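A quick write-up on the structure given underneath.
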Amino acid sequence: MRKVILGVAVSLDGFIEGPSGEYDWCFTDQDYGMKDFLNRIDSVLYGRKSYERAGGNVFPDKEAFVFSNSLSRVEGAELMKGDVLSALSKMKAGPGKDMWLFGGAELTTSLMKGGLVDE
């Protein structure tokens, strides 16, 4: 069974973004294990706000899924509407590598409450 892995940068004071949504405080001066991590996954899970803020799927070599009931279409990703927990449960049971829960906070909260975040 595939795993859903929550991987997010968090500041020491518990924030994932700055007051204006910026994440320029994240270090990019080295790999920090990302190459190995990206080899472990084949899919990236986005909430609507994270997808829009990122400007689309920022990992074009990975399958992308955007969970949103308000968007009518997305580019470079599959739009997932409706029952998030059921949809993701089916995805976890299917073939493939692990999936990265990229963000955002609302999607993460829903998946954690639903017991679908494995790591």
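Just need a number here: residues in the stretch 45-56 that are assigned to a loop (DSSP other than H, G, I, E, B) and either modelled with pLDDT under 90 or open to solvent by 30 Å² or more (accessible area, probe 1.4 Å) (or both).
Counting residues in the stretch 45-56 that are assigned to a loop (DSSP other than H, G, I, E, B) and either modelled with pLDDT under 90 or open to solvent by 30 Å² or more (accessible area, probe 1.4 Å) (or both) gives 1.
Of all residues in the stretch 24-44, which are open to solvent by less than 50 Å² (accessible area, probe 1.4 Å) and of a type outside the set (S, T, N, Q)?
Across the stretch 24-44, the qualifying residues are Cys26, Gly33, Phe37, Leu38, Ile41, Asp42, Val44.
Please count how many residues of the stretch 23-42 are under 23 Å from Gly55 (Cβ atoms) and either over 15 Å from the mean Cα position of the chain (by Cα) or free of Cβ contacts under 8 Å to residues at least 24 places away in the same chain (or both). Show your work before the answer.
Of the stretch 23-42, the ones under 23 Å from Gly55 (Cβ atoms) are 23-29, 31-32, 34-35, 37-38, 41-42.
Filter again for either over 15 Å from the mean Cα position of the chain (by Cα) or free of Cβ contacts under 8 Å to residues at least 24 places away in the same chain (or both), leaving 23-29, 31-32, 34-35.
Residues in the stretch 23-42 being under 23 Å from Gly55 (Cβ atoms) and either over 15 Å from the mean Cα position of the chain (by Cα) or free of Cβ contacts under 8 Å to residues at least 24 places away in the same chain (or both): 11 in total.
If you take the residues of the stretch 89-110 that are modelled with pLDDT of 95 or more and aliphatic (A, V, I, L, M), which of them is surrounded by the most Cβ atoms within 10 Å (Cβ to Cβ)?
My answer is Leu101.
What pairs come up if the first residue lies in the stretch 1-22 and is closer than 27 Å to Asp98 by Cα, the second is open to solvent by less than 70 Å² (accessible area, probe 1.4 Å) and charged (D, E, K, R), and their beta carbons are under 7 Å apart, counting only those six or more places apart or on different chains?
Between residues of the stretch 1-22 that are closer than 27 Å to Asp98 by Cα and residues that are open to solvent by less than 70 Å² (accessible area, probe 1.4 Å) and charged (D, E, K, R), the close pairs are Met1/Lys92; Arg2/Lys92; Arg2/Asp98; Lys3/Asp98; Val4/Lys92; Ile5/Asp98.
Please find, within the stretch 66-88, the residue that is most open to solvent (accessible area, probe 1.4 Å) out of those that are under 11 Å from Tyr46 (Cβ atoms) and part of a loop (DSSP other than H, G, I, E, B).
Kept after step one, since they are under 11 Å from Tyr46 (Cβ atoms), are these residues of the stretch 66-88: 66-68, 71, 74, 76-80.
So of that shortlist, the ones also part of a loop (DSSP other than H, G, I, E, B) come out as 68, 71, 74, 76-77.
Working: Ser68: 9, Leu71: 28, Val74: 25, Gly76: 62, Ala77: 28 Å².
The residue in question is Gly76.
Before we move on, is Gly21 over 24 Å from Asp118 (Cβ atoms) and open to solvent by less than 40 Å² (accessible area, probe 1.4 Å)?
So Gly21 passes the test.
Please determine whether any residue of the stretch 41-48 is within 20 Å of Asp118 (Cα to Cα) and among the hydroxyl-bearing types (Ser, Thr, Tyr).
Yes, that holds for at least one residue.
The values are calculated or read from the model by the stated rules, or taken from the named source; none is laboratory data. Computed from a predicted structure; not experimentally measured. Virtual Cβ from ideal backbone geometry, glycine too; neighbours counted across all protein chains shown. SASA here: full protein model, heavy atoms, side chains in, ligands and nucleic acids out. Shrake-Rupley method; radii C 1.70, N 1.55, O 1.52, S 1.80 Å.
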